[in-house]
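The block underneath contains the structure these notes are about, expressed in structure tokens.
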Amino acid sequence: MRIPLAGQYRRSEIRKAIALQMWPSLPLLVLAALFLACLVLLAAMSDDPSRAFAIVAKLGLAYAVGMVAFCFVAAELQWRGGKGYRSPVEGEVTEEALHLRHAHGHTTIPWADLYRYKAARGMVLLYNSPFNSVPIARRLFDSEEAWVRFRSHVQASVPGPARGWWVGGALFLFFFLLIALSLFNVY
């Protein structure tokens with residue numbers, strides 16, 4: 001199997017890749033919902049519920065604005081610092097590996113070396129470590145059939161779901177509940 005790919009990334013595709021990388025999986029969304037429910041419950045049980053609910057609302061707004069701003073800033077930094085994103089890229093998908101070449105270098109990533117993948121409409125992120133990914137945009141393929149073959153091969157060759165999400169999520173929930181308890185004077 002040989003699936004060619006060629007083209008040049010757009011700044012918006014790098015932004016989409018950063019957003020996809022930051023978007024949590026379903027289990028993490030469930031943990032976040034539990035965390036929010038605990039905060040609301042603690043706010044309701046505090047000495048001054050209206051003040052506590054105001055703190056929860058401000059924290060939520062600050063988090064949402066901060067994440068959007070971080071996504072834009074990280075994408076811009078990656079765009080400016082990653083010469084490979086700003087130059088034409090070409091390569092091919094084979095049974096053994098993904099081969100990519102651009103004006104500043106080349107890389108071969110064996111499928112067996114990939115940690116996991118994340119997919120969204122028009123984008124696949126291939127992780128070679130828990131926090132480092134290679135974005136592959138739909139636009140790099142010359143046909144819909146080639147894109148579908150690529151995605152099928154990724155699904156068959158690379159582990160999909162994140163590993164060990166619950167350990168980090170549980171620690172996150174525990175420490176933020178401790179902070180919330182101290183904020184709301186409920187202990």
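The values are calculated or read from the model by the stated rules, or taken from the named source; none is laboratory data. Keep in mind that this is a model prediction, so the values were computed, not measured. All Cβ positions, even for glycine, are placed from backbone atoms using ideal geometry, and neighbour counts span all protein chains on display.
Of all helices (runs of 4 or more DSSP H) completely enclosed by region 5-86, which ones contain at least 3 residues that are modelled with pLDDT of 80 or more, over 29 Å from residue 106 (Cβ atoms) and among the hydrophobic types (A, V, I, L, M, F, W, C)?
49-81
Under 9 Å by Cβ, and 6 or more places apart or on different chains, what pairs join a residue from region 77-89 that is in contact (Cβ under 8 Å) with a residue 60 or more places away in the chain with one that is of a type in the set (Asp, Glu) and part of a helix (DSSP H, G or I)?
Cβ pairs passing all conditions: 85/13.
In region 93-187, which strands (runs of 3 or more DSSP E) lie fully inside it and hold 1 or more residues that are in contact with a His (Cβ under 6 Å, 6 or more places away or on another chain) and either at pLDDT 95 or above or hydroxyl-bearing (Ser, Thr, Tyr) (or both)?
105-110
Looking only at residues in region 59-75 that are closer than 14 Å to residue 32 by Cα and surrounded by 12 or more Cβ atoms within 10 Å (Cβ to Cβ), which one is nearest to the chain's Cα centre (by Cα)?
Out of the qualifying residues, it is 60.
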